[in-house]
Amino acid sequence: MKKIFLTLSLSITLALLAAAGFSIAAEEAPQLSKEEERKLGEFRAELDIGRNMAGRLIAYYGEYNDEPLNGYLNLVGNYVAQQGPFADRRYMIKLLNSESVNAFACPGGYILVTLGALRQAENEAELAAILGHESAHVGNRHMMKTLLSMDKEKLDQAAKASGSKQDPSMASRMRKRVQVTEQSEAAKTLARYLGSTSVAGLSIIAAAKAGLGLILEKGLDHRLEFEADQEGVKYAVAAGYDPKALSNFLGRLVARQKVLNTKTLEKTHPKPAERRARVEQLLVQMKADTIIGAKGVERFASMQQRMPAVANAKNPEKTAKTEAVKGK
């Protein structure tokens, strides 16, 4: 796990630096202006928070580690994301071992998709729309901006949103899995950008816990979810996929809501029916009936076959949200 996080950190940090316009020479460190140093510090803070959140989510749900399937998710997700306005960003996409239908976007470029969500999709176009939604969250920095707008009291409330009990064994595993130094330079940088009501020395872990509380319990502002839906559809269409893919996926969730595990999704997002209605409005504006897009049925089906039987996938929806939020 530590090796994975180090690899993620290096690759995404380099991508973020490139996106920010920094050039890194092998011979010497770049001479940065104060504004560039400020941007670099904020990007580092964003990466640290996202890595911490992703580590906690993986510790909570568990990872379904299948190299070809994981490679496929990253291929589709990064291709779709490149069609948007944040083409220089790179995303690290992982599959969570849970039948809960959901996907998570953590700051810095970490996207986590559950087996349950992947199982409900019927083709690659629907997967592309889901990943487009998540990459829009990351690119537009929805979670990061939300955290930066919160004072210490609101951050504490968000961190406690998932409950108050803590499993010591989970906390111990979290300490080993998530290698983040609370008093790092990135943490100090984050504190400087939390607004006038922020507290100096606020840790990356404190911000990550608040982010996790939002992502698992309260959710982002519904306006941001609708924005991510619309942006995700546009990215997927620009990538050549069927424009009706997200609408079809959301419609399936509505039709199957009595049998699907969508508890967290419905708690943190607008209702699927409302999301679908908004997407349908966008499709009319885009004249989607005149757009011919690929569905990618065959490749998607071959990858879906690599997924485990439902009985073999764990679903900890009722057990340990607090374990992940409370891990130190």
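The values are calculated or read from the model by the stated rules, or taken from the named source; none is laboratory data. Computed from a prediction, not measured in an experiment: that's the story for all the values here. Note: ideal-geometry Cβ built from the backbone for every residue, glycine included; neighbour counts use all protein chains shown.
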Restricting segment 99-116 to residues that are in contact with an Asp or Glu (Cβ under 6 Å, 6 or more places away or on another chain) and closer than 30 Å to G41 by Cβ, the residue that is surrounded by the most Cβ atoms within 10 Å (Cβ to Cβ): G108
Hey, among the residues in segment 220-233 that are crowded, with 18+ Cβ neighbours inside 10 Å and either outside any helix (DSSP H, G or I) or of a type in the set (V, I, T) (or both), which one's nearest to the chain's Cα centre (by Cα)? L220
Does segment 269-293 hold any residues that are exposed (fewer than 15 other Cβ atoms within 10 Å of the Cβ) and closer than 15 Å to Y241 by Cα, and which are they? K287, D289, T290, I291, I292
Given the criteria on the phi < 0 side of the Ramachandran plot, surrounded by 11 or more Cβ atoms within 10 Å (Cβ to Cβ) and either β-branched (V, I, T) or modelled with pLDDT under 85 (or both), does K321 qualify? yes
Among the candidates L69, L127, L95, L47, which residue alone is hydrophobic (A, V, I, L, M, F, W, C), in contact with a strand residue (DSSP E or B) (Cβ under 8 Å, 6 or more places away or on another chain) and surrounded by 20 or more Cβ atoms within 10 Å (Cβ to Cβ)? L95
Can N261 be described as among the polar types (S, T, N, Q), assigned to a helix (DSSP H, G or I) and under 22 Å from the mean Cα position of the chain (by Cα)? no
Quick one: P85 ticks every box in (1) surrounded by 19 or more Cβ atoms within 10 Å (Cβ to Cβ); (2) modelled with pLDDT of 50 or more; (3) part of a loop (DSSP other than H, G, I, E, B) except a single one, so which number is it? (1)
